[in-house]
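Asks: One structure, pasted below without further comment.
The values are calculated or read from the model by the stated rules, or taken from the named source; none is laboratory data. Treat the numbers as computed from the prediction; the structure is a model and nothing was measured. Backbone-built Cβ (ideal geometry, glycine too); neighbour counts: all protein chains shown.
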Amino acid sequence: MWKEMRPAVVSFLVLSVITGLLYPWLVTGLAQAIFPSQANGSLIFKKGRPVGSEWIGQSFSDPGYFWGRPSATGPMPYNGLASSGSNLGPTNPALMDAVKARVQALRVADPGNTRPVPVDLVTASASGLDPQISPAAADFQIARVARARGLKTDQVQALVSRFTEARQFGVLGEARVNVLKLNLALDELTHAP
């Protein structure tokens, strides 16, 4: 009986070592050598401590910060373990109510701003984790942030321009602004903690 089982046991052990130890070690080693930042989560540091990832949004609600896209993850926003879209269609009353509430919150935070609200400030992305907003969404918030920080709008506009990333390779995606990076730059500009 052992004679018949031996090839299966040996194959199991050899494949376990290859797929469970050698392959993961090789892939991890290559990732660390070729793409170390990405392999470690594309972390953003402030004073030597990680404050977030370049690829996962964070919740900002203070008027002195730029606000990102709403997160569809719950109960905690931007929870990577619960990544998903809202799955609410454009005619769903629950989506309409959520959008109206978000528009109202933006209007309350900046009552003098009568411009149309950019769609990415009131709708969640497919993942619910987007760290970026459109340049239009950033521009919509410049006056509020400048007022709350005691800055000139030109200073804040210059920061938004500095952190606006163009389309990838000039054709892929849309221009975007990383909210966490922008808010950290604002903190540096105003010497906030």
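Asks: Scan region 71-97 residue by residue and report those that are in a helix (DSSP H, G or I) and of a type outside the set (Gly, Ala, Ser).
Replies: Residues satisfying the conditions are Leu81, Pro93, Leu95, Met96, Asp97.
Asks: For the structure I just gave you, tell me whether Ser11 is touching a residue at least 12 places away in the same chain (Cβ under 8 Å) and of a type outside the set (Lys, Arg).
Replies: No.
Asks: What is the number of the single condition among (1) in a helix (DSSP H, G or I); (2) of a type outside the set (Lys, Arg); (3) under 22 Å from Leu184 (Cα atoms) that Gly68 does not meet?
Replies: It fails just one condition, (1).
Asks: Going by the conditions given, is Thr91 hydroxyl-bearing (Ser, Thr, Tyr) and closer than 28 Å to Glu54 by Cα?
Replies: Criteria not met by Thr91.
Asks: Moving on. Could you tell me which residue of region 69-95 is farthest from the chain's Cα centre (by Cα), considering only residues that are modelled with pLDDT under 75 and among the polar types (S, T, N, Q)?
Replies: Asn87
Residues are listed down the side, and each one gets a yes or a no for (1) under 36 Å from the mean Cα position of the chain (by Cα); (2) assigned by TED's automatic domain parsing to the domain that holds Tyr78; (3) acidic (Asp, Glu); (4) assigned to a helix (DSSP H, G or I):
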| position | (1), (2), (3), (4) |
| --- | --- |
| Pro7 | no, no, no, yes |
| Leu15 | no, no, no, yes |
| Tyr23 | yes, no, no, yes |
| Ala33 | yes, no, no, yes |
| Gly52 | yes, yes, no, no |
